[in-house]
Amino acid sequence: MTAAPIIRAAAGDAPIACAIVLGTGLGPLADAVEDARVIPYGDLPGFPQVGVSGHAGRLVVGRLEGRRVAVLQGRAHTYESGDSRVMKPVIDTLAALGIPRLLLTNAAGSLKPDMPPGSIMAIEDHIALFGPNPLIGLKGDDRFVPMNGAYDPALRRAIAGGAARRRVALFEGVYAWVTGPSFETPAEIRALRTLGADAVGMSTVPEVILARHAGLAVAGLSMITNLAAGLAPHAPSHAETKAVATAGAAAMEAVIRGFLTECIDE
Ligand code: HPA
């Protein structure tokens, strides 16, 4: 059996308006879901083992702000195996369930001193020049996915409106994807800044490309956890990433709630 019928059997057939992937330190947001049905990734064929501290591996289907959502608590990263297609079964399952929107969240380093740790950045575009494209190996002309407007303009307006309504300051910027798991060198960060990036991180972009291929509308939110290498007096660390993301989870939850109310009719 594939994952979609298992999810329908566990959580019902009612349409799901939005899927939300929770990044490092943001997993506890899944606890806010009401009428929750919880399905471990291990029960869902093709779903990844999640092996990074700060990530659980559970799908939570229920309601947030009265909207039916599927919250993915934990993701697999390219750096765990070298395979950027690792989230393909997850994204394909969301498409099979007919979920029209996907909100991806992550923890990221800032390339701008005036976007300090604790900031929330809506992703307006990305740079993905340094890792393998997750569509490599697919057949058919639909693999040549245009990436113009990959971060859906209407969903970006809903994020901005939702953040304003909840009085959370919101940055917008370009997210550069690196595979990790080592952090960047200060020279790499200077290079990424020259290329036009505002934030840097090790996730999200493969999911965006897979989701655009599958026809979902995509939005992205970065929790800024640190100034990137060379911009702070200390080096970045996973411990800092987890701690700052956890501290910022309430603001992120407010933006996500505002987003849901702005873009989905009850
Ligand atoms: N670099 C890459 N990924 C990250 C960072 C960073 O500085 N912070 C959180 N995720």
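The values are calculated or read from the model by the stated rules, or taken from the named source; none is laboratory data. Here the structure is a predicted model, which means the values were calculated and not measured. With ideal geometry, Cβ positions are generated from the backbone for all residues, glycine too; neighbour counts draw on all protein chains shown. We work out accessible area using only protein heavy atoms, side chains counted, and drop any ligands, DNA or RNA first. Shrake-Rupley method; radii C 1.70, N 1.55, O 1.52, S 1.80 Å.
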| task | Working only within region 91-118, note down all residues that are open to solvent by 10 Å² or more (accessible area, probe 1.4 Å) and within 16 Å of the ligand (Cβ to nearest atom). | result | A107, K112, P113, P116, P117, G118
| message | Among the numbered criteria (1) farther than 23 Å from E253 by Cβ; (2) away from the ligand (no atom under 16 Å from the Cβ), which one does S182 miss? | response | (2)
| query | assigned to a loop (DSSP other than H, G, I, E, B), crowded, with 24+ Cβ neighbours inside 10 Å and more than 16 Å from the chain's Cα centre (by Cα) - does that describe any residue in region 173-181? | reply | no
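Yes/no matrix, rows are residues, columns are (1) more than 14 Å from the ligand (Cβ to nearest atom); (2) modelled with pLDDT of 95 or more; (3) not in a loop (DSSP other than H, G, I, E, B):
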{"position": "S203", "(1), (2), (3)": "no, yes, no"}
{"position": "L221", "(1), (2), (3)": "no, yes, yes"}
{"position": "N226", "(1), (2), (3)": "no, yes, yes"}
{"position": "A229", "(1), (2), (3)": "no, yes, no"}
{"position": "A239", "(1), (2), (3)": "no, no, yes"}
{"position": "D265", "(1), (2), (3)": "yes, no, no"}
| field | Extreme residue, modelled with the highest pLDDT, among residues of region 1-24 that are farther than 18 Å from D43 by Cα and touching a helix residue (DSSP H, G or I) at 6+ places or on another chain (Cβ under 6 Å) | value | A19
| said: It is to be established whether one or more residues within region 229-242 are aliphatic (A, V, I, L, M), in contact with a Gly (Cβ under 7 Å, 6 or more places away or on another chain) and crowded, with 18+ Cβ neighbours inside 10 Å. | reply: no
| message | Given the criteria within 14 Å of the chain's Cα centre (by Cα) and either at pLDDT below 95 or open to solvent by 40 Å² or more (accessible area, probe 1.4 Å) (or both), does R212 qualify? | response | yes
| said: Quick check on this structure: which one of R85, R67 is open to solvent by 50 Å² or more (accessible area, probe 1.4 Å) and within 18 Å of L216 (Cβ to Cβ)? | reply: R85
| said: Which count do you get for residues in region 119-154 that are crowded, with 16+ Cβ neighbours inside 10 Å and either within 16 Å of the ligand (Cβ to nearest atom) or at pLDDT below 95 (or both)? | reply: 8
| field | Matching strands (runs of 3 or more DSSP E) fully within region 1-71 where at least 1 residues are within 16 Å of the ligand (Cβ to nearest atom) and under 28 Å from V244 (Cα atoms) | value | 18-22
